[in-house]
1. How many Å² of accessible area per residue for the chain, probe 1.4 Å?
2. According to the Cα gyration tensor, what semi-axes, each the square root of 5 times an eigenvalue, does the equivalent ellipsoid of the range 1-55 have, listed from largest to smallest in whole Å?
3. Restricting to lysine pairs 8 or more places apart or on different chains, what number in the chain have Cα atoms under 23 Å apart?
4. If you take the charge dipole of the chain about its Cα centre, with +1 on Lys and Arg Cβ and -1 on Asp and Glu Cβ, which of Ile41, Leu77, Asn28 is farthest toward its positive end?
5. Suppose only helical runs count, i.e. DSSP H with n ≥ 4. What mean residue ellipticity at 222 nm does that imply for the chain under -39500 (n - 2.57) per run, divided by all residues and rounded to the nearest 500 deg cm²/dmol?
6. What do you get when you divide the Cα radius of gyration of the chain by 2.2 N^0.38 Å, with N the number of residues?
7. With the full set of protein chains in place, find how many percent of the accessible area of the chain is carbon and sulfur; take the probe as 1.4 Å.
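The values are calculated or read from the model by the stated rules, or taken from the named source; none is laboratory data. Just so it is clear, the structure is predicted and the values come from calculations on it, not from any experiment. Methodologically, a virtual Cβ is constructed for each residue, glycine included, from the backbone with ideal geometry; neighbour enumeration extends over all protein chains shown. SASA here: full protein model, heavy atoms, side chains in, ligands and nucleic acids out. Shrake-Rupley method; radii C 1.70, N 1.55, O 1.52, S 1.80 Å.
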Amino acid sequence: MSDDKIIREVYEVLESRRDNPIDSYTSNIMQDSDKKAEDKILEKIAEEAGEVIIASKNDENLVYESADLIFHTLLILAYKGVEIDELFDEFKRRRK
């Protein structure tokens, strides 16, 4: 698989875990009651953002922590029903 398609693949897995829950971290976090699930995901985003800041300041694990932050950002987008192409379209719009 080419690198540029990995984000789409991850997103499709998140959507699948949302729509067809299995015993997994992503399914479990999205299946809590509506407000509780959203709050848990947002807490993870805040936690991961803090870890990116610390990793950058310490010059270690920045890629790993950034992947966690991006993953959880994709998770909230999938949870909220945002289509991945909306995100890609926004990046394209900003590139102009």
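1. Here the residues of the chain average 71 Å² of exposed surface.
2. On the way: eigenvalues 85, 82, 12 Å².
Over the Cα atoms of the range 1-55, the semi-axes work out to 21, 20, 8 Å.
3. The result is 11.
4. Ranked along the dipole, the leading option is Leu77.
5. -26000 deg cm²/dmol
6. 1.15
7. Answer for the chain: carbon and sulfur cover 53 percent of the accessible area.
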